[in-house]
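The values are calculated or read from the model by the stated rules, or taken from the named source; none is laboratory data. None of the values given here were measured: they were computed from a predicted structure. Glycine also receives a Cβ, built like all others from the backbone with ideal geometry; neighbour counts cover every protein chain displayed.
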Amino acid sequence: MSTFTRRDFLKLAGAAVLMTPAVLSAAGETKLNIIVFLVDDMGWQDTSVPFYSEITPFNRRYKTPNMERLASSGMKFTQAYASCVCSPTRVSLLTGMNAARHRVTNWTLKKGQTTDAKHPSLTFPAWNVNGLSPVAGIEQSVHVDPLPAILQKAGYRTIHVGKAHFGAVETPGEKPENLGFDVNIGGHAPGGPGSYLGTQNFSAAWRKGDKIWDVPGLEKYHGKDIFLTEALTIEGLKAVDQAVQDKKPFFLYMAHYAVHVPFAKDSRFYDKYKEAGLDDTEAMYSALVEGMDKSLGDIVDLLEKRGITGNTIILFMSDNGGLSVHGRGGQPNTHNRPLDSGKGSAHEGGIRVPMIVKWPGVVKPESTCSEPVIIEDYFPSILEMAGINGTKTIQTTDGISFVPLLKQISGYPADRALYWHFPNNWGQSGPGIGPHSAVRKGDWKLIYYHADQHYELFNIKEDIGETKNLADTQPKRLREYASMLGAFLAKVDAQMPTDKKTGKLVPLPGQ
């Protein structure tokens, strides 16, 4: 699609757009500002916005008035999906590739080193432990044309704030600046913060942890009583303001470290959750959620103050399901019911995430979309929103633009199949957690577990909690979905683990 002209905006959004300082391309078209607001480890239920058919106790627990504000002016996606852990999602967003194709299938950290936990019966493949790379020749990395570099070339001021986690330490993908971001605030290789507290210099030193986790570039806040979420927001808003002053369209990738462990007390919100009767961990987590929501509100407030609301798209999402098991630090936090399990799992609690899109003049306020979409769809969708058509990339992309869904027109395929692939061991246990591949098409989802090659088959529409495995009672559907999943994995040359006993690769599903 082509971008909206100023005349289109006046027609669709009304006279208020007259106040919007438009940024025009050489062709005289208005370039839209685009914000991706990505939250870390936020579950489907970690918000006062209901993404289920009913309001749940968890929706009542959390206070996210700015998510409510966004949903009231945009579209909720009730069946949005990510990968089950963080780096695969982030690489898919920047490349448009499914994780089975880009092979960054687990979280990344140190150059050349796997993060897989040991497994009793499987040896894991040489997956792309070094993440994505904008240059060729980096071992165990995927060479790509990243989304921000494409937007930068098209004239956007590209701003990265918060968690990067695209590539390992000492590789090109470690630094957002190498991926096409003009501005990088706080982003580096690790996928979590050393600390959320300015009084601890956002460093892991307080817990005698590896200082590799220390958040870089925020030295001005060291020793101060400020929470990381707030510091990142302040700096991000400065960068946006500068882009507005320079009359540059901007792409803001606001990727908070929140709500990842290690938890800390955000003094702005913690006390009220303790007073409501929550234990210390749950109160810290709830405050992390509300602090993230305040950041969203601060961004929306700035857009309104600068008169650019009508010219700015906001996309809100989480990078995987909420953590529902004990983390490596021994801290349990979020709960995903009615979804089963959480981060690291092929069950809905591990991969279904909150998603909201606001596009003034295009998306109908307070609308809802129940069509399944997946994280690699962000790449073609954002390019279409930016009016960048026919881009040739090094990588083969798998994502499909969800812009037709936003416009509520035809063009998005019905009963499209979505795929997940995790030939890895996250290191936790629980339902759906373990090396797996999965496919969802229509109301049905099939999960194939690599360790013993057994299947789970669920009707998600009738059994959102995945309580009834129908693999034994639906043999025809099982064969159909196993064949579909196996064919996709073969097409993208997906990696499989090796069975330690036989020394052979685990067979593809359907074989």
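Scanning segment 198-229 for residues being under 24 Å from ALA168 (Cβ atoms) and not acidic (Asp, Glu) gives a total of 16. Pull up segment 370-394, narrow it to residues that are assigned to a helix (DSSP H, G or I), among the acidic types (Asp, Glu) and touching a helix residue (DSSP H, G or I) at 6+ places or on another chain (Cβ under 6 Å), then point me to the one that is surrounded by the most Cβ atoms within 10 Å (Cβ to Cβ). Only one residue fits best here, namely GLU376. Within segment 156-165, identify whether any single residue is over 20 Å from ASP319 (Cβ atoms), surrounded by fewer than 21 Cβ atoms within 10 Å (Cβ to Cβ) and either in contact with a strand residue (DSSP E or B) (Cβ under 7 Å, 6 or more places away or on another chain) or in contact (Cβ under 8 Å) with a residue 40 or more places away in the chain (or both), and answer yes or no. Among the residues of segment 156-165, not one is over 20 Å from ASP319 (Cβ atoms), surrounded by fewer than 21 Cβ atoms within 10 Å (Cβ to Cβ) and either in contact with a strand residue (DSSP E or B) (Cβ under 7 Å, 6 or more places away or on another chain) or in contact (Cβ under 8 Å) with a residue 40 or more places away in the chain (or both), which makes the answer no. In segment 262-280, which residues are among the hydrophobic types (A, V, I, L, M, F, W, C) and in contact with a Phe, Trp or Tyr (Cβ under 9 Å, 6 or more places away or on another chain)? If the condition is that a residue be among the hydrophobic types (A, V, I, L, M, F, W, C) and in contact with a Phe, Trp or Tyr (Cβ under 9 Å, 6 or more places away or on another chain), then PHE263, ALA264, LEU278 are the ones that fit. Filtered by the rule that a residue be part of a loop (DSSP other than H, G, I, E, B) and within 10 Å of HIS450 (Cβ to Cβ), segment 489-507 gives MET496, PRO497, VAL506, PRO507. For first residues located in segment 66-94 and assigned by TED's automatic domain parsing to the domain that holds GLU304 and closer than 17 Å to ARG416 by Cβ, partners that are of a type in the set (S, T, N, Q) and in a strand (DSSP E or B) and lie 6+ apart or on another chain with Cβ distances below 9 Å form the pairs PHE77/THR368; THR78/THR368; ALA80/SER318; ALA82/SER318. Against the condition assigned to a loop (DSSP other than H, G, I, E, B) and in the same structural domain as TRP107 (by TED's automatic domain parsing), how does GLN511 come out, does it pass? The answer is no for GLN511.
Each residue in segment 174-191 was checked for being in contact (Cβ under 8 Å) with a residue 24 or more places away in the chain and part of a loop (DSSP other than H, G, I, E, B), and 9 of them qualify. Screening segment 14-47 for residues that are surrounded by fewer than 18 Cβ atoms within 10 Å (Cβ to Cβ) and aliphatic (A, V, I, L, M) and picking the one that is modelled with the highest pLDDT gives LEU24. Identification of helices (runs of 4 or more DSSP H) wholly contained in segment 269-369 with 2 or more residues that are of a type outside the set (Phe, Trp, Tyr), farther than 25 Å from GLY191 by Cα and touching a strand residue (DSSP E or B) at 6+ places or on another chain (Cβ under 8 Å) yields 280-305.
Apart from one condition, ASN201 fits all of (1) touching a strand residue (DSSP E or B) at 6+ places or on another chain (Cβ under 9 Å); (2) at pLDDT 95 or above; (3) not aliphatic (A, V, I, L, M); the exception is (1).
Note on segment 187-205: residues that are surrounded by fewer than 21 Cβ atoms within 10 Å (Cβ to Cβ) and more than 25 Å from GLN113 (Cβ to Cβ) amount to 4. Take the residues in segment 406-416 that are in contact (Cβ under 8 Å) with a residue 40 or more places away in the chain and closer than 13 Å to VAL373 by Cβ, then tell me which one is surrounded by the most Cβ atoms within 10 Å (Cβ to Cβ). Per the criteria, the residue is LEU406. Any residue in segment 431-451 that is surrounded by fewer than 21 Cβ atoms within 10 Å (Cβ to Cβ), under 25 Å from the mean Cα position of the chain (by Cα), in a strand (DSSP E or B) and not hydrophobic (A, V, I, L, M, F, W, C)? The answer is yes; a qualifying residue exists.
Scan segment 134-147 for residues that are crowded, with 23+ Cβ neighbours inside 10 Å and closer than 13 Å to SER87 by Cβ and jot them down. Hit for segment 134-147 is SER141, nothing else. If you filter segment 291-319 down to residues that are buried (at least 23 other Cβ atoms within 10 Å of the Cβ) and of a type in the set (D, E, K, R), you find that the one that is nearest to THR47 (Cα to Cα) is ASP293. Please determine whether any residue of segment 420-430 is closer than 30 Å to MET75 by Cα, outside the structural domain of THR368 (by TED's automatic domain parsing) and exposed (fewer than 13 other Cβ atoms within 10 Å of the Cβ). No - not one qualifying residue is present in segment 420-430. Restricting attention to segment 192-219, the residues being in contact with a helix residue (DSSP H, G or I) (Cβ under 7 Å, 6 or more places away or on another chain) and either in a helix (DSSP H, G or I) or not assigned by TED's automatic domain parsing to the domain that holds VAL161 (or both) number 7. Looking at GLY112, is it out of contact with any Lys or Arg (no Cβ under 7 Å at 6 or more places or on another chain) and surrounded by fewer than 19 Cβ atoms within 10 Å (Cβ to Cβ)? Here the answer is yes, as GLY112 does meet what is asked. Residues in segment 207-266 that are of a type in the set (Phe, Trp, Tyr) and buried (at least 24 other Cβ atoms within 10 Å of the Cβ) were compared, and the one that is nearest to MET317 (Cα to Cα) is TYR253. Inside segment 41-75, residues that are under 20 Å from SER367 (Cα atoms), in a loop (DSSP other than H, G, I, E, B) and among the hydrophobic types (A, V, I, L, M, F, W, C) make up a count of 4. The C-beta contact set for segment 363-392 (first residue closer than 18 Å to VAL49 by Cα, second residue of a type in the set (S, T, N, Q) and part of a loop (DSSP other than H, G, I, E, B), distance under 7 angstrom, 6+ apart or interchain) comprises LYS364/GLN408; PRO365/SER73. As a summary of the residue check, SER401 satisfies the conditions (1) touching a residue at least 60 places away in the same chain (Cβ under 8 Å); (2) in the same structural domain as CYS86 (by TED's automatic domain parsing); (3) of a type in the set (Ser, Thr, Tyr) except for the one numbered (1).
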